[in-house]
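Okay, structure first, notes after.
The values are calculated or read from the model by the stated rules, or taken from the named source; none is laboratory data. Quick caveat, the model's predicted, so the values are computed rather than measured. Here the Cβ positions follow ideal geometry from the backbone for every residue, glycine too, while neighbour counts run over all protein chains shown. Side chains included, ligands, DNA and RNA excluded: accessible areas come from the protein's heavy atoms. Shrake-Rupley method; radii C 1.70, N 1.55, O 1.52, S 1.80 Å.
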Amino acid sequence: MEQRHLGRTGLRVSRIGLGTLTWGRDTDEHDAADMLKAFWEAGGTLVDTADVYADGEAEYLLGRLMDGLVPRRDLVISTKAGSVADPDRRVDGSRGHLLAALDASLARLGTDHVDLWQIHAFDPGTPLEETLQALDLAVSSGRARYVGVADFCGWQLAKAATWQLAAPGRTRLAGTQLEYSLLQRGAEREVLPAALDLGVGLLPSSPLGRGVLTGKYRHTTPADSRGASEHLAPFVEPYLDDTASHIVDAVATAADGLAVTPLQVALAWVRDRPGVAAPVVGARNAQQLTAALSVEALSLPDEICRALDDVSAPVHRYPDHDWSTL
């Protein structure tokens, strides 16, 4: 699998990442092992997790699998901290919480460092410079090799990345992770321009539109799908409207013309967008993951990309476009 630099850093990651959101909850150890092995054998390196995935079970499961199945040195392990199970706060970006969470993640993963450590969300209740200092301390102590953020909007990312570049000794942000797909192009409004300007690589989550872009929901809701799951159905439902259906139909038409699957078309589109380092795919089993990894050989023709751009184009006007053109 092709490797790409993450942002303006020396960190190289596979251009498809493996997500572990459901590990330890909907994905058991057997399926997780099959996926990790298939991913590694395909040349995949970036494995993304977080301390809150299945209340830490995803990290614990990944750590067990690394212990004997796949060499630790062959993987780029990314985890996140900052989200908390507190309905009154939800995010804790304090230095104390973040560093304690990192130590707990390392213990569950069974490793002395992670390759990429990300702040899971912006905390308006903590000074940003305090949150970012935790990133510097993680790197200077050897507990993290590179750092980034997740789910920051445009101004938050720009402020954080600029702060880190403003003085010697601060660690530049390598990456930012947020949802990006043909069904969710909000990142293009401000996040992507900021990331491109400041040298931050984008790691799209839900690159298949929460599974909707595979076409599986075009006519019904499969019984074994996330859309039929009691706790994941609300996650899928926003992308089952008429607007999304129009885009999914266009993806399916493109797939028919190229003799490939809608999954491959949708994933290739987001993988090759400007500024994207590696979409993170959350498969349910090895069969689904293998289908996603098959996109490695596909590059979409320019005319197909333009057609998909047009059918899914978000409305971005003033002040995102030059006022004189409006």
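The lone criterion from (1) open to solvent by less than 10 Å² (accessible area, probe 1.4 Å); (2) closer than 16 Å to Trp117 by Cα left unmet by Asp51 is number (1). Give the range 17-60 a look and list any residue that's in contact with a strand residue (DSSP E or B) (Cβ under 6 Å, 6 or more places away or on another chain) and among the hydrophobic types (A, V, I, L, M, F, W, C), or say none. The answer is Leu18, Ala32, Phe39, Leu46, Val47, Ala50, Val52, Ala58.
Yes/no matrix, rows are residues, columns are (1) open to solvent by 20 Å² or more (accessible area, probe 1.4 Å); (2) over 21 Å from Ala121 (Cβ atoms); (3) outside any helix (DSSP H, G or I); (4) touching a helix residue (DSSP H, G or I) at 6+ places or on another chain (Cβ under 9 Å):
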| residue | (1), (2), (3), (4) |
| --- | --- |
| Leu157 | no, no, no, yes |
| Thr171 | yes, no, yes, yes |
| Leu196 | yes, yes, no, no |
| Thr220 | yes, yes, yes, no |
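When restricted to residues that are in contact with a strand residue (DSSP E or B) (Cβ under 8 Å, 6 or more places away or on another chain) and open to solvent by 10 Å² or more (accessible area, probe 1.4 Å), the range 282-317 contains 3.
Taking the numbered list (1) surrounded by fewer than 16 Cβ atoms within 10 Å (Cβ to Cβ); (2) touching a residue at least 24 places away in the same chain (Cβ under 8 Å) in turn, Ser141 passes all entries but (2). If the condition is being touching a helix residue (DSSP H, G or I) at 6+ places or on another chain (Cβ under 6 Å) and not in a helix (DSSP H, G or I), then the range 179-194 contributes Tyr180, Ser181, Leu182, Leu183, Glu190.
Here Glu188 does not qualify as surrounded by fewer than 20 Cβ atoms within 10 Å (Cβ to Cβ) and within 14 Å of the chain's Cα centre (by Cα). When only residues in the range 21-34 that are in contact with a Phe, Trp or Tyr (Cβ under 9 Å, 6 or more places away or on another chain) and buried (at least 18 other Cβ atoms within 10 Å of the Cβ) count, which is farthest from Leu289 (Cα to Cα)? Taking the candidates together, the pick is Gly24. Within the range 9-41, the residues that satisfy the criterion of being of a type in the set (Lys, Arg) and either over 16 Å from the mean Cα position of the chain (by Cα) or over 20 Å from Val276 (Cα atoms) (or both) are Arg25, Lys37.
Applying a threshold of 6 Å to beta carbon distances and a minimum spacing of six or more residues, or different chains, the list of pairs starting in the range 77-96 at a residue that is at positive phi and ending at one that is among the β-branched types (Val, Ile, Thr) and assigned to a strand (DSSP E or B) reads Gly82/Val91; Gly82/Ile119.
For residues that are of a type in the set (Ser, Thr, Tyr) and surrounded by 23 or more Cβ atoms within 10 Å (Cβ to Cβ), scanning just the range 1-20, find the one that is nearest to Ala283 (Cα to Cα).
Thr20
Residue-wise test of (1) part of a helix (DSSP H, G or I); (2) open to solvent by less than 40 Å² (accessible area, probe 1.4 Å); (3) more than 13 Å from Ala160 (Cα to Cα).
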site	(1), (2), (3)
Asp86	no, no, yes
Arg89	no, no, yes
Ala101	yes, yes, yes
Arg108	yes, no, yes
Gln118	no, yes, no
Gly125	no, no, yes
Glu130	yes, no, no
Asp136	yes, yes, no
Arg145	no, no, yes
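Within the range 97-117, can you find the residues that are under 14 Å from Ala150 (Cβ atoms) and touching a residue at least 60 places away in the same chain (Cβ under 8 Å)? Hit for the range 97-117 is Leu116, nothing else. Test Ala161 against the criterion of being under 21 Å from the mean Cα position of the chain (by Cα), part of a helix (DSSP H, G or I) and under 19 Å from Gly7 (Cβ atoms), and give yes or no. In short, yes.
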